[in-house]
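Asker: Pasting a structure below so you can have a look.
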Amino acid sequence: MQEKTSGQETLRFAPSPNGWLHLGHAYSALFAWEMAAALHGRFLLRIEDIDTGRCRPEFEAAIYEDLAWLGIDWEQPVRRQSEHFADYEQALKNLRDMEVVYPCFATRKEIQDAIIASGVPLQNWPRDPDGALLYPGIYKDIPRAKLNKLMWEGRTYAWRLDIAKALQLAEARTGALITFREEGESAGGEPKRLPVKPELFGDVVIARKDVPTSYHLAVTVDDALQGVTLVTRGQDLFPATYIHRILQVLLDLPEPRYHHHGLIRDEEGRRLSKSAKDMGLRELRAAGHSPADIRRMVGL
Ligand code: GLU
């Protein structure tokens, strides 16, 4: 489980192979790679492929090819999250022992039905920073007998983080409010410690029904295992740091610094998605653009 770390700064780019890379990924990868070089640090590539249903080998192969084309190089071996489920399961077990997670059998439909039954129109129900409906708490604190029954019936379940309890325990551990060190735009030009606001996520899923982890858990465990000292990633993942910091405290993992960078947008100012074909690296390459053109396009 333990990977080697050094005293050097360690940065990473951690794409999910569930689509083709676009200009936004190119910016993020170049940003981390150049910052690692400027700091005389290490640069790692990590393949975040826990979503075994959506990730495909051809997307992973394309990541290696596109990054190499951009002139980026990275250390070997590359950590592929799908090969390390045991590490995440161990972390989940630790959280379970702390009683900060609980099983949740809810389907998407059950969640929606519970919200509708509460009398609040779905469109008025609060959503987390990723756009998911805040969990209305069904299956939280259910009696032991009901829990056993559901398990005996073989109903599948996810694990949710009891966010209030987790925050309370994390604060009790540190004896202080939980904060993180941000070096990007949100810090306003000078590194700052910012407070976490995990309540924005409600009781977030920490291990999915189909795999014994989630983005939040896997990324937190891996950044620690790989000795990442400076996490650089898009501003869209800024709020996720609230959850990651709490997990770091609870799991007794080191705290990296964070630099959330601005996002590359299309002409209409929209965030690029994996289906944004005209901004796809493969398309741009096929249209005759060079790596230098790509750098220019992303403002590097
Ligand atoms: N795998 C995530 C993504 O592709 C990025 C994870 C991270 O940088 O923390 O959006």
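Asker: Among the numbered criteria (1) closer than 20 Å to residue 208 by Cβ; (2) part of a loop (DSSP other than H, G, I, E, B), which single criterion is violated by residue 82?
Answerer: Among (1) closer than 20 Å to residue 208 by Cβ; (2) part of a loop (DSSP other than H, G, I, E, B), the lone unmet condition for residue 82 is (2).
Asker: I've got another one for you. Please go through region 218-250 and pick out each residue that is more than 12 Å from the ligand (Cβ to nearest atom), touching a helix residue (DSSP H, G or I) at 6+ places or on another chain (Cβ under 7 Å) and polar (S, T, N, Q).
Answerer: 248 - this is the single residue of region 218-250 that is more than 12 Å from the ligand (Cβ to nearest atom), touching a helix residue (DSSP H, G or I) at 6+ places or on another chain (Cβ under 7 Å) and polar (S, T, N, Q).
Asker: Here are the criteria: (1) hydrophobic (A, V, I, L, M, F, W, C); (2) more than 15 Å from the chain's Cα centre (by Cα); (3) crowded, with 20+ Cβ neighbours inside 10 Å. Tell me which single one residue 14 does not satisfy.
Answerer: (2)
Asker: Of these, 160, 245, which one is in contact (Cβ under 8 Å) with a residue 24 or more places away in the chain, in contact with a Gly (Cβ under 9 Å, 6 or more places away or on another chain) and under 25 Å from residue 96 (Cβ atoms)? Before you say what the answer is, go through the steps one by one.
Answerer: Numbers: 245 fails: in contact with a Gly (Cβ under 9 Å, 6 or more places away or on another chain).
Only one candidate qualifies: 160.
Asker: Among the residues in region 226-242, are any assigned to a loop (DSSP other than H, G, I, E, B) and among the β-branched types (Val, Ile, Thr)?
Answerer: yes
Asker: What number of residues in region 197-217 are within 16 Å of the ligand (Cβ to nearest atom), of a type in the set (A, V, I, L, M) and more than 15 Å from residue 103 (Cα to Cα)?
Answerer: 1
Asker: Output the number of the condition that residue 254 fails; it satisfies all remaining conditions of (1) surrounded by 15 or more Cβ atoms within 10 Å (Cβ to Cβ); (2) of a type outside the set (Gly, Ala, Ser); (3) part of a loop (DSSP other than H, G, I, E, B).
Answerer: (1)
Asker: Cβ-Cβ under 7 Å, sequence separation 6+ or interchain: first residue in region 212-235 and of a type in the set (Ser, Thr, Tyr), partner within 12 Å of the ligand (Cβ to nearest atom). Which pairs?
Answerer: Matching pairs, first to second residue: 213/50; 220/244; 229/256; 232/11; 232/31; 232/32; 232/259; 232/261.
For (1) aromatic (Phe, Trp, Tyr); (2) touching a Pro at 6+ places or on another chain (Cβ under 9 Å); (3) in a loop (DSSP other than H, G, I, E, B), each residue gets a yes or a no:
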| position | (1), (2), (3) |
| --- | --- |
| 12 | no, no, no |
| 33 | yes, no, no |
| 43 | yes, no, no |
| 62 | no, yes, no |
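Asker: Further question on the same structure: For the structure I just gave you, tell me whether residue 27 is crowded, with 19+ Cβ neighbours inside 10 Å and more than 16 Å from the ligand (Cβ to nearest atom). Before you say what the answer is, go through the steps one by one.
Answerer: Details: crowded, with 19+ Cβ neighbours inside 10 Å: yes; more than 16 Å from the ligand (Cβ to nearest atom): no.
For residue 27, the condition - crowded, with 19+ Cβ neighbours inside 10 Å and more than 16 Å from the ligand (Cβ to nearest atom) - is not met.
To keep it simple, each residue is scored yes or no on (1) touching a strand residue (DSSP E or B) at 6+ places or on another chain (Cβ under 6 Å); (2) within 16 Å of residue 244 (Cβ to Cβ); (3) surrounded by 14 or more Cβ atoms within 10 Å (Cβ to Cβ).
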site: 126; (1), (2), (3): no, no, no
site: 129; (1), (2), (3): no, yes, yes
site: 132; (1), (2), (3): no, no, yes
site: 138; (1), (2), (3): no, no, yes
site: 151; (1), (2), (3): no, no, no
site: 168; (1), (2), (3): no, no, no
site: 181; (1), (2), (3): yes, yes, yes
site: 201; (1), (2), (3): no, yes, yes
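Asker: So, one more: Within region 39-46, can one find any residue that is buried (at least 20 other Cβ atoms within 10 Å of the Cβ) and closer than 24 Å to residue 283 by Cα? Reasoning before the result, please.
Answerer: As a first pass, look at region 39-46 and keep what is buried (at least 20 other Cβ atoms within 10 Å of the Cβ): 43-46.
Subsequent filtering for residues that are closer than 24 Å to residue 283 by Cα retains 45-46.
Yes, region 39-46 contains a residue that is buried (at least 20 other Cβ atoms within 10 Å of the Cβ) and closer than 24 Å to residue 283 by Cα.
Asker: Ok, one more. Mind checking which residues of region 259-270 are within 22 Å of residue 220 (Cα to Cα) and touching a Phe, Trp or Tyr at 6+ places or on another chain (Cβ under 6 Å)?
Answerer: Within region 259-270, 260, 261 meet the criteria.
Asker: In this structure, is residue 17 away from the ligand (no atom under 16 Å from the Cβ) and not hydroxyl-bearing (Ser, Thr, Tyr)?
Answerer: Values: away from the ligand (no atom under 16 Å from the Cβ): no; not hydroxyl-bearing (Ser, Thr, Tyr): yes.
Spelling it out, it is not the case that residue 17 is away from the ligand (no atom under 16 Å from the Cβ) and not hydroxyl-bearing (Ser, Thr, Tyr).
Asker: Go through region 42-85 and count every residue that is aliphatic (A, V, I, L, M) and within 12 Å of the ligand (Cβ to nearest atom). Explain how you work it out, then say what you get.
Answerer: Within region 42-85, the first condition is being aliphatic (A, V, I, L, M), and the residues that meet it are 44-45, 47, 50, 61-63, 67-68, 70, 72, 78.
Add one more test, that the residue is within 12 Å of the ligand (Cβ to nearest atom), and what stays is 44-45, 47, 50, 63.
Looking only at that region, the number is 5.
Each value in this text was obtained by applying a stated rule to the coordinates, not by laboratory testing. Values in this document were obtained by computation on a predicted structure and should not be read as measured data. A quick note on method: Cβ atoms are made from the backbone with ideal geometry, for glycine too, and the neighbour counts reach across all protein chains shown.
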